[in-house]
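Each remark here refers to the structure printed beneath this line.
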Amino acid sequence: MKLFVFERNLDEVRETNKFIKRINNWIDLHKEIEVINFKFGYDAAGGLQTVVVKWK
């Protein structure tokens with residue numbers, strides 16, 4: 001299994017949808033992979049900061 005980590009860019013700070021769309025685009029681009037699990041990391045204010053995709 002492999003991991004890929006997504007971190008929010010500065011232009012995505014106020015737009016969670018833009019961050020999620022970037023992750024979905026990466027998954028759609030790599031149709032040959034099988035996503036096993038997602039792990040989410042949050043900042044002190046409770047905002048989504050990182051997403052770890054476990055895949056094979």
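Here are the numbers for this structure:
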| quantity | calculated |
| --- | --- |
| Leu29 being of a type in the set (A, V, I, L, M) and more than 12 Å from Val52 (Cα to Cα) | yes |
| Pairs where the first residue, in region 7-35, is free of Cβ contacts under 8 Å to residues at least 12 places away in the same chain and the second is basic (Lys, Arg), C-beta under 6 Å, 6+ apart | Glu12/Lys18 |
| Any strands (runs of 3 or more DSSP E) falling wholly within the chain and containing at least 2 residues that are loosely packed, with under 13 Cβ neighbours inside 10 Å | 2-7, 35-42 |
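For every residue, the table says whether it meets (1) under 10 Å from the mean Cα position of the chain (by Cα); (2) of a type in the set (Lys, Arg).
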residue	(1), (2)
Met1	no, no
Phe6	yes, no
Leu10	no, no
Asn17	no, no
Lys21	yes, yes
Asn37	no, no
Asp43	no, no
Gln49	yes, no
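Since every read-out is calculated from the coordinates, none of them should be taken as a lab result. Predicted, not measured: the structure shown is a model, and the values here were computed from it. Cβ coordinates were reconstructed from backbone atoms using ideal geometry, including for glycine residues, and neighbour counts include every protein chain displayed.
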